[in-house]
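First up is the structure itself, then whatever we jot down about it.
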Amino acid sequence: MFADLSWKTLHQVISQTIAEMADEQQTLDVPSLRRRLEQMAESETNEELVLCYWQASKILLHLPATVTASQLLDAARRAFRSPPGTDPL
């Protein structure tokens with residue numbers, strides 16, 4: 001699943017991380033999401049997952065502290081230069 005890093009895969013990782021943080025009642029903003037993804041990457045032993053977590057964190061680097069879900073998805077698309085409106089989730 002993670003061997004082919006696409007914007008869909010990164011969207012899934014970001015969405016799953018957001019859901020986990022919400023379940024744990026943690027603050028949900030871009031800086032805290034990036035920290036969580038980086039922590040996950042540092043503790044992961046699977047190299048493909050490490051790459052996925054770091055890439056997802058990198059996508060968030062250029063976003064403001066507070067964003068909408070559609071802004072997250074647009075950032076993932078831009079990272080892979082996928083045209084909007086293709087391959088809908």
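The figures follow:
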| quantity | calculated |
| --- | --- |
| Those residues of region 37-66 which are aliphatic (A, V, I, L, M) and touching a helix residue (DSSP H, G or I) at 6+ places or on another chain (Cβ under 6 Å), in sequence order | Leu37, Met40, Ala41, Val50, Ala56, Ile59, Leu60, Leu63, Ala65 |
| Residue ID - most open to solvent (accessible area, probe 1.4 Å), chosen from residues in region 6-28 that are more than 12 Å from the chain's Cα centre (by Cα) and not small (Gly, Ala, Ser) | Gln25 |
| Ala56 open to solvent by less than 50 Å² (accessible area, probe 1.4 Å) and either modelled with pLDDT under 75 or of a type in the set (Lys, Arg) (or both) | no |
| Selection count, region 59-73, where residues are surrounded by fewer than 15 Cβ atoms within 10 Å (Cβ to Cβ) and hydrophobic (A, V, I, L, M, F, W, C) | 3 |
| Contacts under 6 angstrom Cβ, first residue in region 21-43 being at pLDDT 90 or above, partner open to solvent by 50 Å² or more (accessible area, probe 1.4 Å) and assigned to a helix (DSSP H, G or I), 6 or more apart | Ala41/Trp54 |
| Close pairs from region 67-83: first under 17 Å from Arg34 (Cβ atoms), partner open to solvent by less than 70 Å² (accessible area, probe 1.4 Å) and modelled with pLDDT under 70, Cβ under 8 Å, at least 6 apart | Leu73/Trp7; Ala76/Trp7; Ala79/Trp7 |
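The values are calculated or read from the model by the stated rules, or taken from the named source; none is laboratory data. The model shown is predicted, which means the values in this text are computed figures rather than measured ones. Here Cβ is always computed from backbone atoms with ideal geometry, including for glycine, and neighbour counts include all displayed protein chains. The area values use the complete protein model at the heavy-atom level, side chains included, leaving out ligands, DNA and RNA. Shrake-Rupley method; radii C 1.70, N 1.55, O 1.52, S 1.80 Å.
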